[in-house]
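Notes follow once the structure below has been shown.
Read the figures in this text as sums done on the coordinates, not as results from a lab. Quick caveat, the model's predicted, so the values are computed rather than measured. We place every Cβ from the backbone using ideal geometry, glycine too, and count neighbours over all the protein chains shown.
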There are 2 protein chains.
Amino acid sequence: MNRIKIAQFGLGPIGIEALKLAAQQPWIEIVGAVDNAADKAGRSLTEITGAAALDGLKVSRDLEELFRETPPELILHTATSSALAALRQMRPALEFGVSVASTCEELIFPSLKAPQLVKEFDGLCRHTGARVVATGVNPGFVMDVLPVCLTAVSRAVDKIEVTRVVNASPRRQPLQAKIGSGQAPDSFREKLLDGRAGHAGLRESLALVAHAMGWKLDSIAEVGEPVVAGREIRTQFFHVRPGEVCGIHQRAVGLIGDAEKLVLEIAMYLDAPDPRDHILVIGRPPLDVLIQGGVAGDDATVAALVNVVPQLLAAAPGLHLPTDLALPRWSSGVDAASRKPRV
Amino acid sequence: MNRIKIAQFGLGPIGIEALKLAAQQPWIEIVGAVDNAADKAGRSLTEITGAAALDGLKVSRDLEELFRETPPELILHTATSSALAALRQMRPALEFGVSVASTCEELIFPSLKAPQLVKEFDGLCRHTGARVVATGVNPGFVMDVLPVCLTAVSRAVDKIEVTRVVNASPRRQPLQAKIGSGQAPDSFREKLLDGRAGHAGLRESLALVAHAMGWKLDSIAEVGEPVVAGREIRTQFFHVRPGEVCGIHQRAVGLIGDAEKLVLEIAMYLDAPDPRDHILVIGRPPLDVLIQGGVAGDDATVAALVNVVPQLLAAAPGLHLPTDLALPRWSSGVDAASRKPRV
C-alpha cells in the first residue's frame, strides 16, 4: 500500500490526539511534527505522545526544518483559531505544494475574517498544487456540513435552526477554561463581548450554511452570555462556586431583511443536562433531527481531521470549503491511499 | 442565467411531481418528456401535469423522438426499479452524451443486480461525456448517504444500524398497493419472498454503505414479512379488514464472518405509529440520530432528484454512486446553473 506521508503542525492536546489517531491508520505514514514551543521543539515524538509507532521522529521547530528532512504530502494543522494566523503559519507548506487539513475554526469560512487572503492563497495553491480545507465537529460538522447535507431531500428550505448543548464537565482542561469556568460573570461577559473568550466559529458556520443555501444574508447578529452556576460544581480541573461562571451560551442569527433564515445556538457549560445536537430544517418536507447525547467534541474533531485527508487530496488544488468536497465519511483506509493527489 | 435543459422520462406520479418541481426552478428549462404509454404519448404536458409553465410541450414516445426536437442536457428518469431495465431505457441518452439522474432503486448500487453492465455503461459515459447517478430518499438518503455522512466524525465504526418506520396511510395509491394493503398474508408473503412485492433497494443501500466503509461483506441476508392488520383500517384508497395485510417489514443484514456490521430495517404500513428514521453508528464516538416523524417519502424523493442535478453535472463523466458526488444539498439555484458539465 502506498501510504500518504503526513506531518502534524501544533502539539497541543488536539494535535497530539490527531497525531496518535493518524499514526494508527494503515494508509498514513507519519514523517514528523512541528511545534516551536521551547518545551517541545527537538524532543522525541514518542516521548510527547506516548505512541511507540512514532519512534525515531523528532519535533521540528518550523516547517523549513521539517522539509529538510522528509517532506510530507499533507500537514494536519491544529495550532490556532484565527484564519489570518493559520494562513500565515501554513504558507511555507503551500509554497512547497504541501496540502493542509486544519482544525482552525475561522478557516471553515475564511472570507469572513481574512477576505483579502482568500483569493491570494487560493491562487498560491492552484499554482503549487496544494489543497487546504478546515474541518472539525463544530465548526465543521454539526452546525454546518450536516445541516447542509440534510437539505439534499428538501424541495424548499425557509429556515434552518441548530441547537448544540454540550456538557463541559468531562472535557479537557483548555475547554473548561475557554468557557470561563470559575470566573466572575461581569469580567467574563466583557471578554465574550470583545472576542477574547467563547466558542470560535459560530459566525463561520452560519456563513458557510448561508453560502451553501445560496442565501445572501443582510446581517449576522451574534450574542454571547455567561452561564452562571446556581450551585457548587467540581470537575477534574475546576471548582466553581455559586454565582461564578460555569459556561457560555452563544447565539448567532442570519437575517435576510427582517426574516431569520439561520439561527445557530450553542450552550456549553459544566454539568449541562441533556447534551444534544438538534437540527430543524423548516421547509418542505420539514426535518427534525436530534442527535441524542450530542456528537462528542474531541474524538469527533480529530476524526473529522483524519477522515478529510483522502477527500482533500482527491480535490483540485485550491482553498476549499468543507462543503465543497465529496460526501465526507470514515476513512477506513481500504482505498483511502489510492486517492492520490491529482494536480 | 444560462438554464440547464432538462427532460422527464416516465410520467407516473413521481415523474409528474419531479417534472413540476423541476419546472419551478429558475435554473432549469424543461424541454420535453418521454412516456410510451398509449394514454400519454403525444399529449400536452400541461394537460397531464396541470403546470401552465409547460405550455407548448408534448410527450414524446421515445428518446429518439425527443432528441429530434430539443435535445436536453440531462434527463430525470423515474420509470423502473430495475437496474437492468433502467440502463436499457437510458442507453440512447447516454450514447447521445446526455446525462441521467434516476430514482431507479437498484441503480443506487448497480453492481449488485447488473454487474456486467456497470463497466460497459461507465465506459460508454466516459466516451460520450454523459453522467449517471441514482438518488431518492430511500434508497438514496436516509439508509445510506446520510449514515455515511455521519461517520465523517467517527474515529472508528464497528456497526451501523438504521431503522425506518413509515406510516403509509397518507401516501399515494401505488405505495399502499406495493406494501400489500388488503391482500391475504400467505399469498403476499410468497410475493415478498420471490421479489414481486416489497420495498426495492434495501440490499442496494446496504451494499452502498459497506462500499463507503471499505467493508467487504461475506454475505447479505434479507427477510421480509407482511404486517397484518389487527383492526379495520380505511385509507383514501384501501379498506383493510382484520387479518389482511396492511404493510411490510423488511430487514437486511450485512455480515463479515459472524459479525453483523450493517442492519437496515424498514417497516412501512398503514397507520404505523411513531414514524421515524433512526440511525445508530456504533463506534467511537457513538452516534444516535433520530429523525422525528421520519423523512417524508414522495416530497423528499423528487427533491433529491432535482437537487442532485448540479452535483451530477459538476462530476466527471461516468456512472456514479450517490456517495461519490459532492456533499448533497438543496439546489436553490443561485449558482446551480453555473455548475456546467465539464467533459
Quick note on B:Ile160, B:Ile14, ordering by fewest other C-beta atoms within 10 Å, gives B:Ile14, B:Ile160
B:Asp258 and A:Arg241 label points (each 7 Å along its Cα→Cβ direction) are spaced in nm at 5.9 nm
Karplus ³J(HN,Hα) for the range B:227-238 (6.51 cos²θ - 1.76 cosθ + 1.60, θ = phi - 60°; Hz, whole; x = Gly/Pro) runs 8, 9, 5, x, 8, 5, 10, 10, 10, 4, 10, 10
Cα extents of the range A:50-148 per principal axis, largest first, Å, are 42, 32, 20
If each part is reduced to its alpha-carbon centroid, the range B:132-168 and the range A:178-200 end up apart, in Å, by 39 Å
Projected convex hull area of the range A:145-295, Cα atoms, direction-averaged, in nm², equals 9.1 nm²
Listed with the fewest Cβ neighbours within 10 Å leading, A:Glu190, A:Glu65 appear as A:Glu190, A:Glu65
If labels are modelled 7 Å from Cα along the Cβ direction, B:His239 lies from its partners in the other copies at nm distances, smallest first, of 7.7
Scoring chain A by relative contact order with C-alpha pairs under 8 Å, at least six apart, yields a percentage of 20 percent
If each part is reduced to its alpha-carbon centroid, the range A:57-121 and the range A:259-325 end up apart, in Å, by 22 Å
Taking max minus min of the Cα coordinates of the range A:211-294 on each principal axis, largest first, gives extents in Å of 46, 27, 18
For chain A, the convex hull over Cα atoms projects on average to an area in nm² of 17.8 nm²
Expressed in angstrom and ordered largest first, the alpha-carbon extents of the protein assembly as shown along the principal axes are 81, 58, 56
Taking a straight Cα-to-Cα line shorter than 24 Å from B:Lys159, and setting aside same-chain lysines fewer than 8 residues away, one finds A:Lys20, B:Lys216, B:Lys261
